[in-house]
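Input: a single structure, listed below in structure tokens.
The values are calculated or read from the model by the stated rules, or taken from the named source; none is laboratory data. Quick caveat: nothing in here was measured; it's all calculated off a predicted structure. Cβ sites come from the backbone with ideal geometry, for glycine too, and all protein chains shown count toward neighbours.
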Amino acid sequence: MAPAPAPPTAPAPALPGEAELAPARAAFVAETAARFGLDPQWIAAGLANARLRESVVNAMARPAEAKPWHQYRPIFLTEARIRAGRAFLATHRETLARVEAQYGVPAEVIVAILGVETNYGANKGSYPVLDALYTLAFAYPRSGDSARIEYEQRRQAFFRDELAQLFALAREAGLDPAALRGSYAGAMGWGQFMPSSYRQYAVDGDGDGRRDLFDDLDDVFASVANYFVHKGGWQRGGPVMLRAQRAPAAPDFNADSLEPVHTVAELAARGYRVDAALPPDTRATVIRLDGADGPEYWMVFGNFQAITRYNTSRLYASAVWQLAREIADSPAAEAVAAGQGGA
């Protein structure tokens, strides 16, 4: 669930040689050992198994979130994925209902996350997690754009921290870092948790004393819901996103931030309304998506922002929510009243 990167504006340079990385790698070992109380020799031995992978750099340079909405949506809103999601929900309805009751996150939203992330566990990733994080920690792709230098430095620092978190997680959970497989960004398991999120938000859903996001669906469901509540601030029963009608004379609206800083009444005064009986002081904002037939305007709320804590892309959050509505076999999202069906 690493935040979606923007694509570089120029080809990435060649990967550095291992000898070139030796000083930075040694510093990483010392810092990680001191930070987490780990044996530096164990960390160094683990890094000796890591390899820089050009395929990771190339994948990072071509995120699906760089596509316009009318190309992004069909990737996830397919009939096959909707049918599989409904079947998955039916199969695990009792467990999901228990998690929904505890956390307030609708079962269909949990299922949609798994549908978007791993196609309901069918594709949990084939990249060695250690290699993916090692590559992005020490050879994050550079675009050559001076305006992106600070952003790219932050991203590399993020992945270097996740590499350190991987060693901490491996020691805590008894995992072999070299054996783990996941996404090109180093996300793991059914719900594609980054190592820091695994450590902080994974929970033991069935009381067996373990937090297993690879093979234990009780833990997976509870952990996704726990992440939404404690990282995302999910509000039980709150609205997520609703199709907005734009008045002919209304100025174009596409919020820079997804923070719900406006009230529904304020947005109505600006010419944006939804077909739902919402209290006028409900907090929201409006986003524009590039639909196949032109701009689509959507009013989004705090729970939409909660989904973006899983992945920062508004396209991702839109796909998750719309897939969730289809999985729940509900009317189209734009026709759903706020709060209906527990979301």
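Tabulated results
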| read-out | value |
| --- | --- |
| Condition met for R154 (without any contact (Cβ under 8 Å) to a residue 40 or more places away in the chain, part of a helix (DSSP H, G or I) and on the phi < 0 side of the Ramachandran plot) | yes |
| Among (1) touching a residue at least 40 places away in the same chain (Cβ under 8 Å); (2) buried (at least 18 other Cβ atoms within 10 Å of the Cβ), the one test that A33 misses | (1) |
| Unique match (being in a helix (DSSP H, G or I), modelled with pLDDT of 95 or more, closer than 30 Å to A139 by Cβ and under 19 Å from the mean Cα position of the chain (by Cα)) among E31, E65, E117, E108 | E117 |
| Region 261-281, residues that are crowded, with 20+ Cβ neighbours inside 10 Å and part of a loop (DSSP other than H, G, I, E, B) | L278 |
| Tabulated pairs, region 209-236, first free of Cβ contacts under 8 Å to residues at least 40 places away in the same chain and farther than 12 Å from Y103 by Cβ, second charged (D, E, K, R) and part of a loop (DSSP other than H, G, I, E, B), C-beta under 6 angstrom, 6+ apart or interchain | R211/D204; D219/R211; D219/D212 |
| Unique residue being in contact with a Ser or Thr (Cβ under 8 Å, 6 or more places away or on another chain), at pLDDT 95 or above and either within 16 Å of G46 (Cβ to Cβ) or not aliphatic (A, V, I, L, M) (or both) when the list is F167, F159 | F167 |
| Residue that is surrounded by the fewest Cβ atoms within 10 Å (Cβ to Cβ) [pool: residues in region 294-322 that are among the aliphatic types (A, V, I, L, M) and farther than 19 Å from I75 by Cβ] | A306 |
| Residues of region 314-341 satisfying the condition of being within 23 Å of A202 (Cα to Cα) and either among the hydrophobic types (A, V, I, L, M, F, W, C) or at pLDDT below 95 (or both) | A317, V320, W321, A324 |
| Criterion (assigned to a loop (DSSP other than H, G, I, E, B) and either of a type in the set (V, I, T) or modelled with pLDDT under 95 (or both)) met by exactly one of V203, V224, V286, V229 | V203 |
| Enumeration of residues in region 36-49 that are loosely packed, with under 14 Cβ neighbours inside 10 Å and at pLDDT below 95 | A48 |
| Filter result for P7 (in a loop (DSSP other than H, G, I, E, B), more than 26 Å from R288 (Cβ to Cβ) and modelled with pLDDT under 95) | no |
| Yes/no for L258 being within 27 Å of Q200 (Cα to Cα), in contact (Cβ under 8 Å) with a residue 12 or more places away in the chain, touching a Ser or Thr at 6+ places or on another chain (Cβ under 9 Å) and hydrophobic (A, V, I, L, M, F, W, C) | yes |
